[in-house]
1. When residue 58 is evaluated against the numbered criteria (1) under 14 Å from the mean Cα position of the chain (by Cα); (2) under 21 Å from residue 91 (Cβ atoms); (3) part of a helix (DSSP H, G or I), which criterion, by number, is the only one it fails?
2. Let me spell it out: the conditions are (1) touching a helix residue (DSSP H, G or I) at 6+ places or on another chain (Cβ under 6 Å); (2) surrounded by 15 or more Cβ atoms within 10 Å (Cβ to Cβ); (3) without any contact (Cβ under 8 Å) to a residue 12 or more places away in the chain, and residue 15 meets all of them except one. Which number is the exception?
3. Would you check if there is a residue in segment 25-40 being at negative phi, within 15 Å of the chain's Cα centre (by Cα) and assigned to a strand (DSSP E or B)?
4. Does residue 84 fit the bill of being modelled with pLDDT under 95, surrounded by 10 or more Cβ atoms within 10 Å (Cβ to Cβ) and touching a strand residue (DSSP E or B) at 6+ places or on another chain (Cβ under 8 Å)?
5. Of the residues 52, 69, 4, only one is touching a residue at least 12 places away in the same chain (Cβ under 8 Å) and outside any helix (DSSP H, G or I); which?
6. Which condition from (1) touching a helix residue (DSSP H, G or I) at 6+ places or on another chain (Cβ under 9 Å); (2) under 24 Å from residue 2 (Cβ atoms); (3) surrounded by 11 or more Cβ atoms within 10 Å (Cβ to Cβ) is the one that residue 50 breaks?
């Protein structure tokens, strides 16, 4: 947050946080669950509901020169990014109404 505030003060007065995405999330990891809870408590509705899991497909995709969603659209990581995109677009439609 400090970096964002410095950039806002010195370079871009209009800079703001559109939303926060939780990535590389592993629900089996207690620390990941705790961090997720703290981020949601602190930032509230700025945190997207879609969570991007730690996923082998997403990690492999760059090695094959492809984005994860094209490398394997059925993977949980790809599906999570599709959910995020839908949520992002839905939020944009709500804010322009």
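The values are calculated or read from the model by the stated rules, or taken from the named source; none is laboratory data. Just so it is clear, the model here is predicted, and its values are computed rather than measured. Here Cβ is always computed from backbone atoms with ideal geometry, including for glycine, and neighbour counts include all displayed protein chains.
1. (2)
2. (2)
3. For segment 25-40, residues at negative phi, within 15 Å of the chain's Cα centre (by Cα) and assigned to a strand (DSSP E or B): present.
4. Values: modelled with pLDDT under 95: no; surrounded by 10 or more Cβ atoms within 10 Å (Cβ to Cβ): yes; touching a strand residue (DSSP E or B) at 6+ places or on another chain (Cβ under 8 Å): yes.
No: the conditions fail for residue 84.
5. None of the other options fit; the residue is 52.
6. Going through the list (1) touching a helix residue (DSSP H, G or I) at 6+ places or on another chain (Cβ under 9 Å); (2) under 24 Å from residue 2 (Cβ atoms); (3) surrounded by 11 or more Cβ atoms within 10 Å (Cβ to Cβ), residue 50 breaks only (2).
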